[in-house]
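Below is one structure, written out as structure tokens; the observations come after it.
The values are calculated or read from the model by the stated rules, or taken from the named source; none is laboratory data. This structure is a prediction, so every number in the text was calculated from the model and none was measured. All Cβ positions, even for glycine, are placed from backbone atoms using ideal geometry, and neighbour counts span all protein chains on display.
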Amino acid sequence: MATFTEKLGNIDRRIIFTVIALSVVIPLAMRFNLPIPITPGPSTDMFDVVEALPAGSMVLLSFDYDPSTMPELQPMAFALTQHLMRKDIKIVSMALWPMGVSLGNEVLTSVSDSLGREEYVDWVNLGYKTGGGVLIVRMGSNIKSVFPEDYDGNSVDDMPIMDHVNKLGDFDMIISLSAGDPGVPAWIMMAGDRYDIPIGGGCTAVSAPQFYPYLGTGQLIGLLGGLKGAADYETLVRIGMENPPPGTAIPGMAAQSVAHLVIMLFIILGNISYLAEKKKKGGVK
Amino acid sequence: MRRILFVLPLLVFTGVIFAQSGGIASGDDGDCFIQSLTAEDAPNDAGGGIDLTWTVSAHVTEPDSIVLERLDEDGVWSSIGTILPVDGSRTDEELSNGQEYTYRLVSFYGGIPGALSVEAGAVPKKQWIHTGRIGMLILLTIISLVIFYFIEQGKRGKDLYIRRIAGLTAVEDAVGRATEMGRPVLYIPGIMDMDDIQTIASMVILGRVAMKTAEYGSSLLVPTCRAVVMSVAQETVKESYLQMGRPDAYQKGNINYITDDQFGYAAGVDGIMIREKPAAIFMLGTFYAESLILAETGRSVGAIQIAGTAMPSQIPFFIAACDYTLIGEELFAASAYLSKEPKLLGSLRGQDVAKLFFMIVIVIGVLAATIGEAWGPAARVSDFLKTITSVG
Amino acid sequence: MRLFVPLTITFVAGIIMILQFFVPATQSMGESLQEWYMIVASFAIFIGAANLLQVHAHRIRFKGRNWKYSPVTIVGFTAMVLTGLIFGIEKGTPFNFLFLEMVAPMSATMFSLLAFFVASAAFRAFRASNWRATLLLISAFVVMLGRVPIGAMIWDRIPLISEWIMQVPNLAGQRAVMIGAAMGMVATSLRMIFGIERSYLGGAD
Amino acid sequence: MNWTIFGIWLGALLSLSLYSFLYKDNPFYKFAEHLFVGMSAGYWVIYTIKNVLIPNWWENLLPAEGGMQPIWLIPGILGIFMVLRIVPKLASLSRMSLSLIVGTGAGLTMTAMFQTNALAQVNGTIVALGQGGGWFNWVSNIIMVTGVVCGLVYFFFSKAHTGIVGRTANVGITILMVAFGASFGYTVMARISLLIGQTQFLLFEWLPTMGIHL
């Protein structure tokens, strides 16, 4: 007859699955809300660098993700675009992932409309080209030959925003929102290291730890990791803003926190049962 | 101690650092908003580029805009771009190598051109060596030579030791267990293509695992995410079965392509796991987020799991869900360990020497930098080490 | 001898790629080679498609296990290929609809299964069985706490400690793995380029 | 028929079918899995044709302005050799194509990895131990440098892990374990956020189509 602690240690994983599902569904359905405390770190570094850019700077924003990582990266795209456009920084956007183009376009158009910015003057979406790192290298020498037309098929030669950019070196900063390969590492290797342009990154929380070494070396100047990074940025952008637009990252954080706590609770329970069992076995010896 | 002998020349040879400067033409003009204009050949390119930099005066009225002009072959100045009136730089691209180009900046006040800047010219050239990468080239060459040297030593029959790697001692047991239980062995070679070095390493290990399954007579399933990997896997496994004298037992149909899609592949392999209930699962190669989807499902069907990847972000999940995990470089050591082939063992020793070299560089560099905060000459040593390891 | 041509191609291609990294004048050669390689690799997708169809046709013909589901795969495959070829892949085409409304949600769902698996893996694996496992457990736990607001509520230093773990021991560990693995990759690449490793060509040594 | 609602239903039903796998294998999962494999394979075929083969090969071989660029026949021929793997008699031709892929990949990886994952990391580890000032930064820097060096010792293969090497390697594997724990802990939230995305879709897009508003 198995004791309680034994049963607890070998709990059917389907029970864990059910509890996790409930801990996400309930807070979302009930619309819980929790405040986000901000601590200095890669998110604030990223914010500070963008904040320090003068109006009129050129930023390349690359949407290197697809719908499967939207929950984490789309909120970042919104917060970053809002910050950049509010500061009158010009955005040239593109995508190393085919599905990134339309996701990026959704963000750019909606933020641009809400702030009254003008396509081709304040921002442009160049679209997607295959090639990853190779493509970046080619952009290093000439962007207009890589992207002769934008996403909608208009010639980039006629666009005021493209007057000042011929190659990657003409950008003041490159930001890649990246869900994997090609993404941030490709930008670091093929653009940052080669042409000495500051690279900022946004990534899924899972890949964030592997980018820390790049932060340490300065190859990456700031990093938004996962929904937490997005919520940090969203919070930072909203500081001092009247009637901030509704965010997408902050509400999800509540559900995430609850589920997160539930997992920690499971780990604690697992250890209690493990230690209790060990003690019992030790007693028999 | 032999190894130290190899590290020393490495340290000595790396002392060659080059610096190169281009042709400069600049000048001063008291009345002009543009203080100086410099033109030089863009460094480290295939030619066709000229870097232009300029500074502006704080005392002269700021113009509305400045226009960069280039002198055409027929002696006419034409605009190649309008620029904000601040200090700046610009690279003119797609020029012909070997031809001289001359530039000037024109300040515009209310649409009317004002004072002209000095003219500056340069000749674009292609470079035959990337100056920022010379240190790296030397290091890479020496490390390569060291690796070749030890491969040669191995081939000549020098006895080369390799330490125990836990996950690999279990390969035989895992395959044996599958045979006893009458269940298949599942081999997952990651989700990247054959151009990925981890996939290549995985194919070499697959050859070894296939020899074991041929020997024990258990069936081997290899679902792949890339068509090229499928065909290489087929050849590799066939060859192994042939070498073990069991060509009859080779089943080409067990090595299939599923889909190029990351999660489509995960769904398909999960399906295989729960239906075929393999007794042993190998996951070796490049993995991304699907790592834990596969490893947890494999665990739920009670398989012995041996995983290995050099993807730092996925190693923790394999450690949590698999019985044995090859961490990083261990994946590349696996083929040497399993085959005990002299050339592979030699290569592994070469890698060790390279790591030893980096460790020495780090230790000396850190000590020198620390002492260097108080004593200048030590700082020069650490600066030197930082320079040779810098990436241009 | 049968391997002479393939090994030469590997050697030349490898050397060009290394050269273009150090010699700017050869960059354009390297760029064309990469474009070629992308094209050649892309053709392989047809082998994959052929294999997929063959496996499922075979399963239907011989009534293999779960053969009743094989037509689903074939229909799904054909639907994507035909709509893509006939109507194109732009916004608003049937191909795009099928992708956005079917393939993309299925991808996202498979991906989100990780939320469940990460919980069950953490529950099972994080046990304080020895001091090293305890250290792993503690570092995981502190970092987890540091990622949620409640961590800061328990003790305001927790987010800082978690950040420290990420920036110091984690960075050190990741670096060791990266440097080691890079050496493994350099050595393997060298063996491939110089034809010492040729098992990828079919095991022939 | 309302295509938007139809699309939401398709997505929702397929999602639920895939989730049912968490309970156990069942016909719904089998159906969704087989459909997913087929559709995604088809997607990549079309994607490759439209995004790689046509723009990068066909349009270079036969440019719109007319004339043929014979140099582009070479990758085409090697590509076709690749496909010939299906024909057993001609399969050996594909070795050439494979060699091109492997050689290019090896050359590219070697330099990129050496630069970014080896040299840059070594470079980043060379710091003055007192950098940043204060005892806390001393301790942090010592742990960081020791961690990297001992971690590298763990990856030594030609020395038995005994004696001093063994003890250093033990410190190394300990640092690695702390790193992996941290990396795992850091990831947990990200994984949940994926589930949140899907749950939001089911709760706030699918349920409303049935008149259920939360």
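Residues checked against (1) without any contact (Cβ under 8 Å) to a residue 12 or more places away in the chain; (2) crowded, with 19+ Cβ neighbours inside 10 Å; (3) β-branched (Val, Ile, Thr):
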{"position": "A:Leu103", "(1), (2), (3)": "no, yes, no"}
{"position": "A:Asp113", "(1), (2), (3)": "yes, no, no"}
{"position": "A:Tyr120", "(1), (2), (3)": "no, no, no"}
{"position": "A:Trp123", "(1), (2), (3)": "no, yes, no"}
{"position": "A:Ile136", "(1), (2), (3)": "no, yes, yes"}
{"position": "A:Tyr151", "(1), (2), (3)": "no, yes, no"}
{"position": "A:Ser155", "(1), (2), (3)": "yes, no, no"}
{"position": "A:Met162", "(1), (2), (3)": "no, yes, no"}
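Which pairs turn up if I take residues in region D:143-154 that are closer than 7 Å to D:Ala169 by Cα and look for partners that are surrounded by fewer than 24 Cβ atoms within 10 Å (Cβ to Cβ) and not small (Gly, Ala, Ser) with beta carbon separation below 6 Å, at least 6 apart in sequence or on another chain? Pairs found: D:Cys150/D:Thr168; D:Cys150/D:Val171; D:Val153/D:Thr168; D:Tyr154/D:Ile173. Of the listed requirements (1) under 30 Å from A:Ser207 (Cβ atoms); (2) in a helix (DSSP H, G or I), D:Leu207 misses just one: (1). Take B:Ile293 and decide whether it is more than 30 Å from D:Trp138 (Cα to Cα) and more than 10 Å from chain C (Cβ to nearest Cβ). No, not satisfied. In this structure, A:Gly133 does not qualify as closer than 21 Å to B:Ser89 by Cβ and within 11 Å of chain C (Cβ to nearest Cβ).
The number of residues in region A:98-112 that are among the acidic types (Asp, Glu) and outside any helix (DSSP H, G or I) comes to 0. Any residue at all in region D:171-180 that is in a helix (DSSP H, G or I) and more than 7 Å from every other protein chain (Cβ to nearest Cβ)? Within region D:171-180 (the criterion being in a helix (DSSP H, G or I) and more than 7 Å from every other protein chain (Cβ to nearest Cβ)), the answer is yes, since at least one residue qualifies.
Within the span defined as region B:101-119, every residue fails to be free of Cβ contacts under 8 Å to residues at least 60 places away in the same chain, part of a helix (DSSP H, G or I) and either touching an Asp or Glu at 6+ places or on another chain (Cβ under 6 Å) or surrounded by fewer than 18 Cβ atoms within 10 Å (Cβ to Cβ) (or both). Of the helices (runs of 4 or more DSSP H) lying entirely inside region A:113-217, those containing at least 2 residues that are under 23 Å from C:Glu31 (Cβ atoms) are A:133-141, A:143-146, A:184-187.
The single condition among (1) buried (at least 17 other Cβ atoms within 10 Å of the Cβ); (2) outside any helix (DSSP H, G or I); (3) not assigned by TED's automatic domain parsing to the domain that holds A:Trp97 that A:Val59 does not meet is (3). For region B:280-291, indicate whether the set of residues that are out of contact with any helix residue (DSSP H, G or I) (no Cβ under 6 Å at 6 or more places or on another chain) and part of a helix (DSSP H, G or I) is non-empty. The answer is no, given that none of the residues of region B:280-291 is out of contact with any helix residue (DSSP H, G or I) (no Cβ under 6 Å at 6 or more places or on another chain) and part of a helix (DSSP H, G or I).
So, in region C:42-90, of the ones that are of a type in the set (D, E, K, R) and in contact with a Phe, Trp or Tyr (Cβ under 9 Å, 6 or more places away or on another chain), which residue ends up nearest to D:Tyr47 (Cα to Cα)?
Residue satisfying both the conditions and the ranking: C:Arg59.
Kindly indicate whether B:Ser240 is among the polar types (S, T, N, Q), in contact (Cβ under 8 Å) with a residue 60 or more places away in the chain and in the same structural domain as B:Ile304 (by TED's automatic domain parsing).
No, not satisfied.
Take the conditions outside any helix (DSSP H, G or I) and either touching a strand residue (DSSP E or B) at 6+ places or on another chain (Cβ under 8 Å) or at pLDDT below 95 (or both) and apply them to D:Gly166. Does it pass? It is false that D:Gly166 is outside any helix (DSSP H, G or I) and either touching a strand residue (DSSP E or B) at 6+ places or on another chain (Cβ under 8 Å) or at pLDDT below 95 (or both). Residue-level analysis places C:Val168 outside the set of residues that are in contact with a helix residue (DSSP H, G or I) (Cβ under 7 Å, 6 or more places away or on another chain), more than 7 Å from every other protein chain (Cβ to nearest Cβ) and aliphatic (A, V, I, L, M).
Each residue in region B:300-327 was checked for being part of a helix (DSSP H, G or I) and either at positive phi or surrounded by fewer than 24 Cβ atoms within 10 Å (Cβ to Cβ) (or both), and 2 pass. The residues in region A:150-190 that are within 12 Å of chain D (Cβ to nearest Cβ) and either of a type in the set (A, V, I, L, M) or out of contact with any Gly (no Cβ under 8 Å at 6 or more places or on another chain) (or both) can be counted, and the count is 7. Residues of region B:154-203 that are part of a helix (DSSP H, G or I) and hydrophobic (A, V, I, L, M, F, W, C): B:Ala166, B:Leu168, B:Ala170, B:Val171, B:Ala174, B:Val175, B:Ala178, B:Met181, B:Ile197, B:Ile200, B:Ala201, B:Met203. Quick one: would you say B:Asp193 is without any contact (Cβ under 8 Å) to a residue 60 or more places away in the chain and either surrounded by 19 or more Cβ atoms within 10 Å (Cβ to Cβ) or in contact with an Asp or Glu (Cβ under 7 Å, 6 or more places away or on another chain) (or both)? Yes; evaluated as a whole, the condition is true for this residue. Taking residues in region A:7-18 that are at pLDDT 80 or above, and partners anywhere that are loosely packed, with under 14 Cβ neighbours inside 10 Å, the pairs with Cβ atoms closer than 7 Å and at least 6 places apart or on different chains are A:Arg14/D:Tyr23.
Meeting the requirement of 1 or more residues that are buried (at least 24 other Cβ atoms within 10 Å of the Cβ), in contact (Cβ under 8 Å) with a residue 60 or more places away in the chain and not assigned by TED's automatic domain parsing to the domain that holds C:Val12, the helices (runs of 4 or more DSSP H) wholly within region C:94-205 are C:171-193. Kindly indicate whether A:Asp172 is out of contact with any helix residue (DSSP H, G or I) (no Cβ under 9 Å at 6 or more places or on another chain), within 30 Å of B:Met136 (Cβ to Cβ) and not polar (S, T, N, Q). So A:Asp172 fits the description; yes.
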